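> I am attaching a structure below and will ask some questions about it afterwards.
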Amino acid sequence: MNDLLKRLGIGVLIGLSIAIVVGIGTQKISFIKELLDGYEFRSYDSRMRARVNDVEESSIDSVVIIDIEQNSIEGLGNYNDWPHAYHGQLIDVVTSGNPKALLFDIIFDPENTFNYDLVNALKSESEPQEEYLSQATEQYLVSNDPSRFVLSTYESQKVYHALVFEKEDTLNFQYKMNSEPEGYDRPDHLINLPIEQAQRLPIGDRLTNTHMDLISAAKRAGSANFPQDEDGIIRRAPTAIYFEGPNHVYPTLVLAAVMDILGIPADGFDYDFDNSILRLSDTTGTVIREIPIDHKGRMFVNYYGRFKTFYYLPYMYCFDPEMLDPTYWEGKVALVGASLPGLMDLRNTPVQETFAGVEIHANTMHSILQNEFVSTTSARTNFNTILILSIFLGIIVSIPKKPLYTIPVPLLGIFAWNLYSYNQFFNSLVMWEIIRPALSLGGTYLGVFLYNFLVAEKDKRFLKNTFSTYISPELIDQMFDAKEEPQLGGEEGYHTAFFTDIQSFSAFSEKLSATDLVELLNDYLTEMTDTLLENKGTLDKYIGDAIVAFYGAPAPVDDHEYYACLTAVLMQERLSKMRDKWRGEGDRWPEIVHNMQNRIGINTGKMVTGNMGSTMRMNYTMMGDTVNLAARLESSAKQYGIYIQVANETYTPCKDKFIWRDLDFVRVMGKTEPAQVYELIAVAGKETEQDKSILKAYHEALELYRKQDWDKAQDAFKAADELEDMFPGRKTNPSRVYIPRCDHWKSNPPGDDWDGVWTLTSK
């Protein structure tokens with residue numbers, strides 16, 4: 001009981017410490033905060049995408065987008081050539097239908113009126129004599145009247161134009177402004193805020209609009225700026241901009257319209273940064289909206305769907321009352337914008353990489369009108385959450401003596417917290433933090449684990465440090481866990497045996513000094529062993545230059561046949577690179593080293609694995625008939641001139657994952673039962689064109705051989721032999737092996753009941 005209480009106390013202490021580090025410490029270090037916030041943003045993106053995944057296109061029509069799209073360009077001409085009078089006509093038509101507001105998410109420069117002035121001057125000097133020419137001139141002057149846009153804006157009292165603010169850029173002589181541009185004096189466009197609130201908002205140094213007559217004519221004007229996050233994604237929309245030079249605060253384009261729609265006066269904005277709320281109040285002081293904001297007064301955009309979730313109408317369709325009855329606009333909010341890529345108003349958003357900027361305004365507008373906002377949890381709430389989760393997990397994982405037994409607990413905790421957070425977002429638009437709670441759970445578990453590793457497992461480390469040179473790690477773990485000496489014995493299982501050694505290694509000792517031989521062998525064994533262990537193999541022992549290994553024990557390995565074969569292929573590839581390295585060292589090594597080859601034998605089946613040896617000294621190894629055959633396959637590979645020989649039991653489960661040569665039905669030395677064996681060539685899809693040619697010719701010859709068509713088979717094997725790569729050290733190949741066999745069987749016909757088995761007379 002005392003031991004349990006101690007562990008629980010340690011768990012609580014570790015949980016508390018991790019909560020402080022993660023919940024508070026990560027907020028104090030700027031680069032860590034930015035990193036974690038970035039991951040938090042990505043989790044927000046995934047939640048938002050999942051939430052809008054099934055939303056249908058054009059499902060929202062209370063906020064409508066008047067789109068400058070391809071059909072309008074084709075119908076009205078190049079957008080840059082449109083007269084401003086078009087926009088005036090659009091305003092007249094749309095506002096006659098009594099919409100709530102008409103917003104232009106477009107920045108206009110003063111119109112070039114040269115052509116209009118020229119035509120007007122010519123008409124003033126002399127009226128055209130032809131009636132049709134006079135009518136055409138009059139129609140041109142009406143359709144291109146440069147004053148119409150400004151006049152319609154002013155007379156409608158429904159139009160809201162966009163302002164664009166920029167930062168000071170002294171390198172390009174774009175300096176900070178101390179006042180609005182000349183011609184723009186509309187104090188009623190401003191909102192009234194205490195200076196301490198205004199200074200916390202996004203700051204603009206310059207107002208870059210040039211068509212000040214148009215801005216001045218608007219009912220209100222507002223900022224169209226959408227600052228993107230560091231990763232280029234727009235997740236938050238400002239609610240107002242602080243124009244620092246003149247000390248003025250402008251609402252955003254959407255909020256400018258909202259002020260009139262909801263009846264919010266200039267002093268109806270109250271930024272409560274402590275509670276992350278913007279309160280909008282009417283003239284009576286009644287709070288109409290409470291908008292969740294961040295530390296800069298920005299609101300998270302509540303994206304209602306992917307691109308074109310809002311209803312899009314072509315521009316040319318909307319400015320012609322004969323095409324669309326103006327009564328359609330009754331009670332709606334209309335936004336004019338562009339979805340064409342060439343007009344440069346496409347943005348990256350959480351729901352879609354290519355998203356029209358005007359639809360971001362539409363989402364913001366709809367969110368405010370519907371009083372549906374994405375809210376975030378406060379810093380205090382986040383810390384309390386992290387604290388509770390960390391302490392609770394610290395208690396849970398401290399109950400067992402070994403924290404490894406509780407690995408699923410933090411994983412389940414992270415999964416459950418993610419599930420809860422997603423549910424809260426889907427149902428309530430509340431964005432709980434995911435990253436920091438997950439870090440706290442993982443950190444708490446790691447803390448408890450490290451404590452046990454550094455303190456509770458001190459005895460085990462001492463045992464390993466003392467005896468690891470003499471006893472295998474598996475036995476040390478067994479000794480410590482069982483608190484008893486390991487016992488001799490094993491258990492039967494279905495595993496894969498793996499044998500490899502260097503071809504003609506005895507010749508190396510004749511060519512190399514003892515020192516060079518040891519260096520070469522250590523280099524070779526290191527590379528081969530690394531390859532073995534990287535692919536889930538278990539090293540049994542070294543026997544000189546030979547490596548003995550197996551797969552599937554002591555820990556189970558799925559697809560152990562595949563990993564054994566993959567190891568063999570990768571060993572050949574590594575040996576090839578080693579040969580290249582040795583050749584590159586010039587005269588450092590003799591020719592025999594440059595041409596080093598190794599042979600590999602693999603077999604799968606039942607075998608016994610376990611502690612074998614004596615009571616004084618034992619090793620975790622393998623025994624059985626399966627093991628013996630694998631050893632025979634390695635040694636008999638030289639009779640075929642091949643380097644990887646695999647039994648059928650290994651071949652069958654992974655035959656589709658590699659390229660094979662059907663080698664033989666053989667009865668190896670010391671075995672009575674025949675075995676079907678294969679040569680492993682390469683990983684599937686990585687064979688060479690030469691491999692394909694050789695295998696095609698060889699297998700055609702083998703088919704003739706097994707049909708006992710000895711003459712044709714012999715000729716076919718000779719043809720296949722011509723294709724084989726007979727590199728240094730390779731004395732034969734499978735095709736050459738079969739050529740004299742054909743002569744043998746021609747002289748000694750096997751009969752109709754022949755099973756194709758060939759008995760090897762040497763290892």
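Each value in this text was obtained by applying a stated rule to the coordinates, not by laboratory testing. Because the structure is a prediction, the values reported are computed rather than measured. Cβ coordinates were reconstructed from backbone atoms using ideal geometry, including for glycine residues, and neighbour counts include every protein chain displayed.
> Does anyone have the angle between helix 734-747 and the longest principal axis of the chain? Alpha-carbon axes, 0 to 90°, nearest 10?
With rounding to tens, the tilt is 40 degrees.
> For the chain, what does -39500 (n - 2.57) per DSSP helix run (n ≥ 4), summed and divided by total residues, give at 222 nm, in deg cm²/dmol to the nearest 500?
-14000 deg cm²/dmol
> I would also like to ask the following. Could you grab the relative contact order for the chain? Cα pairs under 8 Å, six or more apart, rounded to a whole percent.
Relative contact order, the chain: 12 percent.
> Once the Cα atoms of helix 2-20 and of the chain are each reduced to a long axis, what angle between those two axes, in degrees from 0 to 90 to the nearest 10, is obtained?
40 degrees
> State the volume of the convex hull built on the alpha-carbon positions of segment 688-763, expressed per residue in Å³ and rounded to an integer.
It comes to 106 Å³ per residue, whole-number rounded.
> Quick check: net charge around A266, other residues with Cβ under 13 Å of its Cβ, Lys/Arg +1 and Asp/Glu -1?
Numbers: positive: R186, R220; negative: D188, D260, D267, D270, D282.
Once all neighbours under 13 Å are counted, the net charge is -3.
> Just for the chain, what percent of DSSP beta bridges are antiparallel, to the closest 5?
Bridges in the chain that DSSP calls antiparallel: roughly 65 percent.
> Please compute the Kirkwood hydrodynamic radius of segment 156-220 from all pairs of different C-alpha atoms, in Å with one decimal.
13.4 Å
> For the Cα atoms of the chain, what angle does the longest principal axis make with the long axis of helix 253-262, in degrees from 0 to 90, nearest 10?
Computed tilt is about 60 degrees.
> While we're on this one: If you take the beta carbon distance between K692 and E492 as r and set R0 to 56 Å, what does 1/(1 + (r/R0)^6) give as a FRET efficiency, to the nearest 0.05?
0.85
> Okay, moving on. Can you give the log10 of the normalised intensity I(q)/I(0) at q = 0.07, 0.08, 0.10 Å⁻¹, computed with Debye over equal Cα scatterers of the chain?
Calculated log10 I(q)/I(0) at the listed q: -0.79, -0.86, -1.00.
> If r is the Cβ-Cβ distance from I288 to E168 and R0 is 45 Å, what FRET efficiency results, to the nearest 0.05? List each step's numbers first, then the result.
Working: r = 36 Å, r/R0 = 0.79.
Computed FRET efficiency for I288 and E168: 0.80.
> List, in the order given, every pair from K511/K581; K606/K707; K577/K686; K536/K606; K100/K219 whose Cα-Cα distance in the structure shown is over 22 Å.
Distance filter (> 22 Å) returns K606/K707.
> For a bin width of 5 Å, list the pair-distance distribution of segment 487-687 built from all Cα-Cα distances, rounded to whole %.
Cα pair-distance distribution for segment 487-687, in percent: 1, 7, 16, 19, 19, 16, 11, 7, 3, 1, 0.
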